[in-house]
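These notes concern the structure reproduced below.
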Amino acid sequence: VGPPVFTSDRLYDVTPPGVVMGLAWTPMGGATLYIETQITSGFKPRPKAGEDEVEFPASDDKKDEDGNSGRAGLIVTGQLGDVMKESSSLAYSYAKRFVAENFAKNHFFDNASLHLHVPAGATPKDGPSAGVTMVTSMVSLATDKEVDPDIAMTGEISLTGKVLPVGGIKEKIIAAKREGVKRIIMPEENRKDYDELLDFIRKDIDVYFAKTYQDVYNVAFSQSK
Amino acid sequence: VGPPVFTSDRLYDVTPPGVVMGLAWTPMGGATLYIETQITSGFKPRPKAGEDEVEFPASDDKKDEDGNSGRAGLIVTGQLGDVMKESSSLAYSYAKRFVAENFAKNHFFDNASLHLHVPAGATPKDGPSAGVTMVTSMVSLATDKEVDPDIAMTGEISLTGKVLPVGGIKEKIIAAKREGVKRIIMPEENRKDYDELLDFIRKDIDVYFAKTYQDVYNVAFSQSK
Amino acid sequence: VGPPVFTSDRLYDVTPPGVVMGLAWTPMGGATLYIETQITSGFKPRPKAGEDEVEFPASDDKKDEDGNSGRAGLIVTGQLGDVMKESSSLAYSYAKRFVAENFAKNHFFDNASLHLHVPAGATPKDGPSAGVTMVTSMVSLATDKEVDPDIAMTGEISLTGKVLPVGGIKEKIIAAKREGVKRIIMPEENRKDYDELLDFIRKDIDVYFAKTYQDVYNVAFSQSK
């Protein structure tokens, strides 16, 4: 107890599918945090990674799954405030759409019961700026692809996949560099905030500006494609 | 962080089906905002746009859909207050009725699980004046038709499709013009408020007065019919 | 923005089935308001009006309707307070019973998913005095009959159909006359309040006193029977 502190300093050396590093703003400065999404039912044998497109066939189990645990859905934990809870709901809706539109054979979301958590579990968190990170976490899990290493991201997501601007760009960049992040994805609409930063803050880190989630996806998974 | 601000300034150059520009009144003046509605399950291949009437056949899947995600229903996000949440419920009921009465073959709402969001996700919003915008967003999605470009709208909706008057007409017109809107749809009962405005506010923008939702529909989709 | 005002001034010239004018008391005087009930699923082609008894056959669809939207039930909107919400629940229970007892072939309520709304959507409303109006709204929809024009009503309903007294009789009569109402239905137990009114208030409007809902029904639908 005392002021909330983000304790996510390099919790992961490499992030498995479903885990993505985000950037948060706190009253004490920027911080990195991880979004973790995992499947809690349905544990199908995973398709092999490395193939061009993962195939999650439409399940025959569907009609058998009457229990809550078998139902497609999302639960969230991590002391998320109202805005961040809504943001996770939004991310879930959009991730389903993104996968449906880009991976025709992937029916992952039809049967997957998902759990999204944001460590540390006792630290209250809020705000919409983890939207793109949450989407990426779910897309990563659904496609069984790891996000490229040393990437962090920030940005609000709209229901149609627009990436909306966020606050605290300077603090977030400083925090990302402190954690050894090499590339940041941020909203196109924050380019003006970035351009105003001093050179010593901007150096040693690559920044990618995203207008839509497709832009985020292209950077985040460029090495696993 | 600071006073809530509507940051929707031309988030969309053109609005896809399901997205409609509304007008809001805030303590700091008028603002444009977008209502986004998307389908979150069922992802049926969309019928081709441009046809006279989209055909969403009554689904055979219906009895198979045991999961929550497959159920017809509406979830809403965007930090909406109680009145605005009720307004979305009202819009949903009326949109179903409007489509059923006007598009006999369109069973879109029977199976669609919908998500309505109002960016920006962290800005609290309330009031009934987005009612017609919400209905239009849902009708647009159900019929797979885009709203004509450069249209914004405001108005409370009743359960039977009456368009009820709203506040802040002057501020809303100023905000719409600032965003490059060319046509506004507003309630007939606000005509007196409009008539009292100075000429310089009224010029350069066309205003359409609606008594019922049918009037709104006729203007909003005039080019896609 | 300013004190809440009932803005229902003749929203309807004629009221379709499911819409009934009620009378409310507010701290600023009496007001008319509309109760709107509409069906939100099942959209069966409506039986023709004008027949002696509308026939809503027991539906074969019933077993197919697994979605929430297909279930019989009632949702209410319009910023109703706790008492008014309970009143709508009471009205729903009684309306089902009234129709079952008086229209043997009418299975409307078995399958209808109903939505009751009270404009204006942002004006908080409470109290039990719209009970008979709510019942009439539902009975009107179930029987596909319009309420006679220029009628308004007020009265609390009991679960067995008793009509209980309400407050603000003087203010309600003044408001009704201001809106062009020609006939008012009120509780028998309010006859003494009415008798105490000055002649100029009582003139130009016919008042019907009801002990039970059957009395209300007989007046409200006298022309459509």
The local net charge around B:G81, scoring Lys/Arg +1 and Asp/Glu -1 for residues other than B:G81 whose Cβ lies under 15 Å from its Cβ, equals -4
The local net charge around A:T133, scoring Lys/Arg +1 and Asp/Glu -1 for residues other than A:T133 whose Cβ lies under 13 Å from its Cβ, equals 0
Inter-copy distances for C:I201, label 7 Å out on the Cα-Cβ vector, sorted ascending, nm, one decimal, are 4.0, 6.9
at B:P16 the sorted inter-copy label distances (label 7 Å from Cα on Cβ side), in nanometres, are 3.2, 3.2
The simple spin-label model distance between B:D150 and B:S222, using points 7 Å out along Cα→Cβ, in nm, is 1.2
Counting only protein heavy atoms and leaving out ligands, DNA and RNA, the solvent-accessible surface of B:K203 at a 1.4 Å probe, in Å² to the nearest 10, equals 120
Output ordering of B:135-143, B:213-221, C:74-82, A:146-154 (per-residue mean of other Cβ within 10 Å, highest first) is B:135-143, A:146-154, B:213-221, C:74-82
If labels are modelled 7 Å from Cα along the Cβ direction, C:I174 lies from its partners in the other copies at nm distances, smallest first, of 3.8, 6.5
Applied in sequence order to region A:96-104, the curve 6.51 cos²θ - 1.76 cosθ + 1.60 (Karplus, θ = phi - 60°) yields integer Hz couplings, x standing for Gly and Pro, of 4, 5, 4, 5, 4, 7, 9, 10, 4
Quick calc: nm separation of the 7 Å Cα→Cβ label points for C:K211 and A:A104 -> 7.4
Sorted list, accessible surface of protein heavy atoms, 1.4 Å probe, largest first, for C:E189, A:E179 is C:E189, A:E179
For B:I151, the net charge from surrounding residues (Cβ-Cβ under 11 Å; K, R +1; D, E -1) works out to -2
Sorting B:L159, C:L198 on solvent-accessible surface, 1.4 Å probe, most exposed first, gives C:L198, B:L159
Rounded to 0.05, the calculated FRET efficiency for the beta carbons of A:Y12 and B:K85 at R₀ = 35 Å is 0.40
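The values are calculated or read from the model by the stated rules, or taken from the named source; none is laboratory data. In this text, all values refer to a predicted model and were calculated from it rather than measured experimentally. Every residue, glycine among them, receives a Cβ derived from its backbone with ideal geometry; neighbour counts consider all protein chains shown. Quick note on the areas: whole protein, heavy atoms, side chains included, nothing else; ligands and nucleic acids left out. Shrake-Rupley method; radii C 1.70, N 1.55, O 1.52, S 1.80 Å.
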